[in-house]
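Below is one structure, written out as structure tokens, with a few remarks after it.
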Amino acid sequence: MDTDSRRHIADPEVSEAEDFVRELIDRAPSDGLSNGASGALLAWGDRRSFLRLTEDVARAVGTGLRRVPENGRPIIGPRDALVMEAEQAEDPVRCPDAYLRSTPGPRGPAIVCGFAGGSDPWAAARRLAAFWHQPDVVILPQGRGWLADRIAGSPGAEHTHPTIGVLGVCGGVGTTTTALWVASRLLEDGKPPIVVDAVPGSTALESCVAGEPMSGLRWEDIARLPYRPEAAHIVSAVPAPHGLPILSSDPDTTGQIQDSGTTLWATIDALSHEAMPVVDLGAIPLTWSTMNSTSVARCSALLLLVPFTLRGLCQARAACHRWSGVLPVVPVGTGPRWCDVSDQDVAQAIGMPLAATIPHVVPVHDSYEAGRVLDIAYKRPLRRALGEIVDAVGAAVESRAGRGRGRGYSAGQQFARISPQHRRPAGAVSEDQAATGPSCSDVGRASDVSAGRGTE
């Protein structure tokens, strides 16, 4: 190896972006770079060289970029690729065992990056493997090409049904009822739903749609088994009033889901191969714990129930700001209009337009207690609202997946789009950007602003 090559490998700084991109193009096939990832590149690290390199990788492979705030912990979306410094993975304060134990980890690639003079990336990878799946290891900057190839060539998510999370911005807004109604509409439309109760302490969700107690597989039964049954067996074994499969806790037990979240969401992920999980997440708690963050981030789309109250609008604005960069958020108005506000006023208050409004139906509480809550779903005002909700969720999931897949530019076009000498002045919009929305660099800057860092 010559002196120049040794100097290049030993240099801890990343070379200029145009050299890096040109290196990728030289290895790229003639039909253009492929991008199987449909999520974002989630960068967890503080080194300036690490931040520069992950930004270049995100641009090169045509994916979004999100950065973990300093002294924060990542919120991992269902399709994100996590790239982290070895120092972050080894630090018991910034990455404690409690966080790793309660977070299922990324479903996509997990990559630990080592630098000359830094922490041992192999030791960091062994620590993560004790809680998550085995991560990959790369040494930077010489492994930057492999890192880009790993992100660009990661297989797309295998065919699964989207997971719809139903979350209320405060208590008593009807997350359980809405989850049942949405699932019944999906069943009516020919889609295979399963309603999942993910609220600790909640029991007998199926009693809302069945007048008599029902037998079937519950969360406690799954926890007692030596291994998790196949997803198809779970769907066929849970109570299914009116043909609607429902997985909840047993009313004859304490009703507590004992696991901190890993088994819970591993089961929901497995169910998505057989059915479309509609997950009752309950209401936003007073304090956001790791479990709460995991519950939302593992969903494909978040159905956010917004009451027409001052507190509800304030909570909804904070939730939209928190989650809109991680997964699609579909706000839905619900309940009586205690505040004299229109849908336009609500959209201005929370920063997002309402996808639909569930009309206030007076008999719903009596039907809920009598086990006939599905009968209300067939009333004309609700049927229209539920159809709008299902359509909005489907459009949000498709839009997010389509944005992540990219457009398959040729190598020359890819270089022209991201090479520094071809970058446009700040504020300028190209024809491609006008047609396809913000670029990944725009997404990265938006993530920085939302995290409170701003831009230089």
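The values are calculated or read from the model by the stated rules, or taken from the named source; none is laboratory data. Because the structure is predicted, anything quoted here is derived from the model rather than measured. Using ideal geometry, Cβ is built from the backbone for each residue, glycine included, and neighbour counts are taken over all protein chains shown. Calculation scope for accessible area: heavy atoms of the full protein, side chains included, ligands and nucleic acids excluded. Shrake-Rupley method; radii C 1.70, N 1.55, O 1.52, S 1.80 Å.
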(message) For Trp146, what accessible surface area do you get with a 1.4 Å probe? Give it in Å², rounded to 10.
(response) 110 Å²
(request) Please work out the C-alpha center-to-center distance from segment 300-332 to segment 127-151 and express it in whole Å. (result) 34 Å
(message) With just the Cα atoms defining each centre, how far is segment 224-247 from segment 37-77? Give it in Å.
(response) 38 Å
(message) How charged is the neighbourhood of Val209? Take every other residue with its Cβ under 10 Å from the Cβ of Val209, and add Lys/Arg as +1 and Asp/Glu as -1.
(response) -1
(message) If amide hydrogens are placed 1.01 Å from N in the peptide plane, which non-local residues have theirs closer than 5 Å to the one on Val306?
(response) Val332, Gly333, Thr334
(request) Name the long-range amide H neighbours of Gly108: under 5 Å, sequence gap of 5 or more, or other chain; modelled H, no Pro or chain starts. (result) Asp80
(request) Work through the residues other than Val169 whose Cβ is under 13 Å from its Cβ and net out their charges, Lys, Arg +1 and Asp, Glu -1. (result) +3
(request) Provide Tyr368, Tyr378, Tyr227 ordered by accessible surface of protein heavy atoms (probe 1.4 Å), highest first. (result) Tyr227, Tyr378, Tyr368
(request) Roll a 1.4 Å probe over the protein heavy atoms and report the accessible area of Glu188 in Å², nearest 10. (result) 90 Å²
(message) Please list, in order along segment 81-96, the HN-Hα scalar couplings obtained from phi with the Karplus expression 6.51 cos²θ - 1.76 cosθ + 1.60 (θ = phi - 60°), rounded to whole Hz, x for Gly and Pro.
(response) 9, 9, 10, 9, 6, 4, 4, 5, 5, 8, 6, x, 8, 7, 9, x
(request) In whole Hz, with x marking every Gly and Pro, tabulate ³J(HN,Hα) for segment 51-57 from phi via Karplus 6.51 cos²θ - 1.76 cosθ + 1.60, θ = phi - 60°. (result) 5, 5, 5, 5, 5, 5, 4
(message) Can you compute the label reach from His360? Point 7 Å from Cα along the Cβ direction, backbone N cut-off under 11 Å, restricted to segment 315-334.
(response) 334
(request) Net charge near Asp252: determine it from the other residues with C-beta under 11 Å of the C-beta of Asp252, scoring Lys and Arg +1 and Asp and Glu -1. (result) -1
(request) Tell me which residues come under 5 Å, amide H to amide H, from Val137 once H is placed; ignore anything under 5 positions away on its chain. (result) Val112
(message) Quick one: 3J(HN,Hα) in Hz for segment 121-127, Karplus 6.51/-1.76/1.60 with θ = phi - 60°, rounded, Gly and Pro as x.
(response) x, 5, 5, 5, 5, 5, 5
(request) Using packing as a proxy for protection, rank 54-60, 69-75 so that the peptide with the highest average count of other Cβ atoms within 10 Å comes first. (result) 54-60, 69-75
(message) Rounded to the nearest 10 Å², what accessible area does Met214 have for a 1.4 Å probe in the complete protein model?
(response) 60 Å²
(request) Return the FRET efficiency for the residue pair Asp97, Glu398: r is the Cβ-Cβ distance, R0 is 41 Å, and the value is rounded to the nearest 0.05. (result) 0.60
